[in-house]
Amino acid sequence: MAGHAGSWRARHIPVLIVLLVAAAGLAGCTPGGDRDRVQASISVLPLAALVDQPVAVTVQGLSAGARTTLAARAMDTDGITWSATAQFQATPAGEVSLGQPSLGGSYTGVNPMGLFTLMAPPPGSAPAVFLHPEAGYDVTLQASVGGRVASTATVRRQGPAAVGVAERELRPASGGIYGNLYLPKDTTGRRPAVLVFGGSDGGLTTSFAAALLAAHGYPSLALAYFKAPGLPEDLNNIPLEYFTRALRVLRAQPGVDPRHVLVSGVSRGSEAALLLGAYFPQLVNGVIAGVPSSVVNPGWPDTSQPAWTLGGRSLPAVSPSEFGQPNPPGKPQTVIPVERIRGPILLTCGELDRVWPSCRYSDAITARLRARQFAYPVTALRYRDAGHHVGGLTLYFVGVTDAALTSFGGTVAGTQSAQTDAHAKLLALLASQ
């Protein structure tokens, strides 16, 4: 994703596309009859935007009440076409917009970006997630009435590289850490920065999330801490000091405000994020914990080993039989001392989480902070219909199969809505620093 300039004009100057198509065969029209010809147009605003930014799509020039199908198509990096449809009823003024409730298709109800986020591959295709080129991809929109095409338009969804985000690989041989550094195009000012890491899957899984934060102006470092070259194979005996090396690298980058460096971890990574904030407040100025745990859990997959060490010593952890208990009896040393954190905390949980009780853990964290009169802002986001996937910073603003999105609990609509809301609140937190 090494930085090449994207179309700043397309991103920042509202562009209204109006494509006029004579649709002689619309429902209720007589082909060839000038008296019944209707002109329909699709307007898209803006024409090009980052993948996490919404666009407004409106179809005009339809017959009042016309049942209109909007379809979206895009091709992934493997050449597979993903698609979604939604059906709408035109207003008395002959308009349809994505802000109206869908009456059928890939989704029902109101979902202004559902046509983009709910695209799916053809049945029987292998991919679970839409992978796109680093610079972005095009989405073709088509409006049809009565089986006849009324209008088409093309929307550009930009990746971080398109807006000038620069990428630099960091590997153990050179810097002692395995990750990717992402810097915004403009680093003349000082902005909050984020160290981003994943959970028990291991590997380098947060690159796109970090790059997307950089696209919004926040320097970020995606970090692997096991299951990557030069690192442990499993989540066992991971030194917290490893993360501090990455924090020092991030703090030294141009454009980073050293007073506002946050860590973001999801699932098992939330433990590391909260522990780093508690034990290294001189390096961590805020914590983002997705589907968090309030306690230290054992290693994985070997639960006889510790997950984390500090100063060469194992951090006390709950036993497998105590899994899911936010405050295990007689084990106060296993509870993460979150009150030591010196900065804002953002927690995100889903009530339908199938991996662990993230909302019970989140409640325990906030209760502990209240009891100890925590002096910094705490935001606890709780989503009724979301599952474990709500915790990740890698947003499904593109396409993902229903099975992949709900594999760890939650409904498709609930999890996507929660991710969108949590992402907006994360950006608001960074903007407030």
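The values are calculated or read from the model by the stated rules, or taken from the named source; none is laboratory data. Predicted model only: the values in this text are computed from it and were never measured. Glycine also receives a Cβ, built like all others from the backbone with ideal geometry; neighbour counts cover every protein chain displayed. Quick note on the areas: whole protein, heavy atoms, side chains included, nothing else; ligands and nucleic acids left out. Shrake-Rupley method; radii C 1.70, N 1.55, O 1.52, S 1.80 Å.
What to note about this one:
- Test: residue in region 174-186 that is buried (at least 24 other Cβ atoms within 10 Å of the Cβ) and within 26 Å of residue 365 (Cα to Cα): no
- The combined condition, being open to solvent by less than 40 Å² (accessible area, probe 1.4 Å), touching a residue at least 40 places away in the same chain (Cβ under 8 Å), in contact with a Phe, Trp or Tyr (Cβ under 6 Å, 6 or more places away or on another chain) and of a type outside the set (Lys, Arg), is not fulfilled by residue 127.
- When we screen 345, 288, 341 for residues that are β-branched (Val, Ile, Thr) and out of contact with any Phe, Trp or Tyr (no Cβ under 8 Å at 6 or more places or on another chain), the only hit is 288.
- In this structure, residue 254 does satisfy being surrounded by fewer than 18 Cβ atoms within 10 Å (Cβ to Cβ) and farther than 30 Å from residue 130 by Cβ.
- Test: residue in region 239-252 that is among the hydroxyl-bearing types (Ser, Thr, Tyr) and touching a Pro at 6+ places or on another chain (Cβ under 8 Å): no
- Checked against the criterion of being in contact with a Gly (Cβ under 7 Å, 6 or more places away or on another chain), under 24 Å from residue 52 (Cβ atoms) and open to solvent by less than 30 Å² (accessible area, probe 1.4 Å), the candidates 204, 223, 235, 213 yield just one match: 223.
- Among all residues of region 340-352, there is none that is free of Cβ contacts under 8 Å to residues at least 60 places away in the same chain, assigned to a helix (DSSP H, G or I) and more than 16 Å from the chain's Cα centre (by Cα).
- Extreme residue, nearest to residue 74 (Cα to Cα), among residues of region 91-103 that are free of Cβ contacts under 8 Å to residues at least 40 places away in the same chain and open to solvent by less than 10 Å² (accessible area, probe 1.4 Å): 102
- If you check 157, 190, 168 for being touching a Pro at 6+ places or on another chain (Cβ under 9 Å) and either under 30 Å from residue 256 (Cα atoms) or open to solvent by 40 Å² or more (accessible area, probe 1.4 Å) (or both), only one passes: 190.
- Selected residue [hydrophobic (A, V, I, L, M, F, W, C), modelled with pLDDT of 95 or more and in a strand (DSSP E or B)] from 369, 381: 381
- Scanning region 31-48 for residues that are over 22 Å from residue 145 (Cα atoms) and at pLDDT below 95 yields a total of 1.
- Residue within region 239-248 that is surrounded by fewer than 19 Cβ atoms within 10 Å (Cβ to Cβ), of a type in the set (Asp, Glu) and within 30 Å of residue 299 (Cβ to Cβ) present: yes
- Subset of region 46-66 (residues that are in a loop (DSSP other than H, G, I, E, B) and open to solvent by less than 60 Å² (accessible area, probe 1.4 Å)): 46, 47, 51, 52, 53, 55, 61, 62, 63, 65, 66
- Of residues in region 402-419 being assigned to a helix (DSSP H, G or I) and open to solvent by 20 Å² or more (accessible area, probe 1.4 Å), the one nearest to residue 388 (Cα to Cα): 406
- Residue count for region 264-304, restricted to those that are surrounded by fewer than 16 Cβ atoms within 10 Å (Cβ to Cβ) and either in a strand (DSSP E or B) or touching a residue at least 24 places away in the same chain (Cβ under 8 Å) (or both): 3.
- Residue match in region 104-121 (condition: surrounded by fewer than 22 Cβ atoms within 10 Å (Cβ to Cβ), over 25 Å from residue 411 (Cβ atoms) and modelled with pLDDT of 90 or more): no
- Of all residues in region 67-82 being at negative phi, of a type outside the set (D, E, K, R) and not in a strand (DSSP E or B), the one that is surrounded by the most Cβ atoms within 10 Å (Cβ to Cβ): 80
- Region 171-191: number of residues that are touching a Gly at 6+ places or on another chain (Cβ under 8 Å) and not hydroxyl-bearing (Ser, Thr, Tyr): 10
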